[in-house]
Amino acid sequence: VSQSRYGDFLKAKAIYKNILAAHPDNADALHLLGLCEIQLGEVSTGLALIELSLEKNPYLREAYENLISVCLHSNNLGIAEQVLSKLAPGAPKDAPVLLYQGVLAKRAQDYETAVNRFLEYGHVAPLSGYSHLLHLSELYEIMQRPIDAGAALEQALLRAPDSVEIKDRLAKFFTTTGNYTGALNLLAELAALKETAKDFVNYAVSLIHL
């Protein structure tokens, strides 16, 4: 696994294949080999290996979560829903389950369900990151609830005060809602970051001329 972390997926793949040559039913090796295949671009092969690992060990929680994540990333929503249906009954209020349910509902344009799942996630995992808040902000904008959208972004910024991504989103949100002072204040902070100064200064200038 340490080799995988260093990006040497080809060597890791060879190691897991050697393990499976001696122990073909090793669910952990199947799961990790599947992840290597995905990192090497063989998504369908990787998915099949992770699914096989779950056949060998239906209680391999990490494999469920990785399988769902890969399916969502590759837009295989049908497989993601099937895997989630197997995971959810045993842990209906489990934080990752709620997060995945929210993402799937959002992709299916079931916005009310998505909002409810992300809100539940926030209650179940109050010390979690901010990804669910970014989802909520996007959903509230779609649902034309700008006050809630802004509040979600501001909550996200409280959790990650140094996040360029959140400051950028919030600055753009302030711009679209006419809060130019708030937008310029955030852009001033962003412009202080050397690698993004040019882009954000140009953006600030464009705001001044609105």
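Confirm whether Asn18 is modelled with pLDDT of 85 or more, surrounded by 15 or more Cβ atoms within 10 Å (Cβ to Cβ), among the polar types (S, T, N, Q) and out of contact with any Lys or Arg (no Cβ under 6 Å at 6 or more places or on another chain). Here the answer is no, as Asn18 does not meet what is asked.
Taking the condition open to solvent by 50 Å² or more (accessible area, probe 1.4 Å), in contact with a His (Cβ under 8 Å, 6 or more places away or on another chain) and free of Cβ contacts under 8 Å to residues at least 40 places away in the same chain, does Glu62 pass?
Answer is yes for this residue.
Residues that are open to solvent by 70 Å² or more (accessible area, probe 1.4 Å), modelled with pLDDT of 90 or more and aromatic (Phe, Trp, Tyr) within the stretch 153-192 are absent altogether. Checking each residue in the stretch 130-156 for being among the hydroxyl-bearing types (Ser, Thr, Tyr) and assigned to a helix (DSSP H, G or I) picks out Ser131, Ser137, Tyr140. In the stretch 72-87, the residues that are farther than 12 Å from Tyr100 by Cβ and in contact (Cβ under 8 Å) with a residue 60 or more places away in the chain never reach a residue that is open to solvent by 100 Å² or more (accessible area, probe 1.4 Å) and part of a loop (DSSP other than H, G, I, E, B) with C-beta atoms less than 9 angstrom apart, at least six apart or across chains.
Only one entry in Leu47, Leu10 is modelled with pLDDT under 90, open to solvent by 60 Å² or more (accessible area, probe 1.4 Å) and among the aliphatic types (A, V, I, L, M), namely Leu10. Exactly one residue among Tyr59, Tyr64 is closer than 21 Å to Glu120 by Cα, among the aromatic types (Phe, Trp, Tyr) and either assigned to a helix (DSSP H, G or I) or out of contact with any Gly (no Cβ under 7 Å at 6 or more places or on another chain) (or both), and that residue is Tyr64.
For Leu87, the test of being among the hydrophobic types (A, V, I, L, M, F, W, C), modelled with pLDDT of 80 or more and either under 24 Å from Tyr140 (Cβ atoms) or assigned to a helix (DSSP H, G or I) (or both) is failed. Of the residues making up the stretch 39-56, just one is in contact (Cβ under 8 Å) with a residue 24 or more places away in the chain and either closer than 15 Å to Arg107 by Cβ or not in a helix (DSSP H, G or I) (or both), namely Leu40.
Answer yes if at least one residue in the stretch 93-105 is exposed (fewer than 15 other Cβ atoms within 10 Å of the Cβ) and within 30 Å of Glu62 (Cβ to Cβ), and no otherwise. For the stretch 93-105, residues exposed (fewer than 15 other Cβ atoms within 10 Å of the Cβ) and within 30 Å of Glu62 (Cβ to Cβ): present.
The values are calculated or read from the model by the stated rules, or taken from the named source; none is laboratory data. Everything numeric here is computed off the predicted structure, so don't read it as measured data. Cβ sites come from the backbone with ideal geometry, for glycine too, and all protein chains shown count toward neighbours. Areas reflect the complete protein model, heavy atoms only, side chains present, ligands, DNA and RNA absent. Shrake-Rupley method; radii C 1.70, N 1.55, O 1.52, S 1.80 Å.
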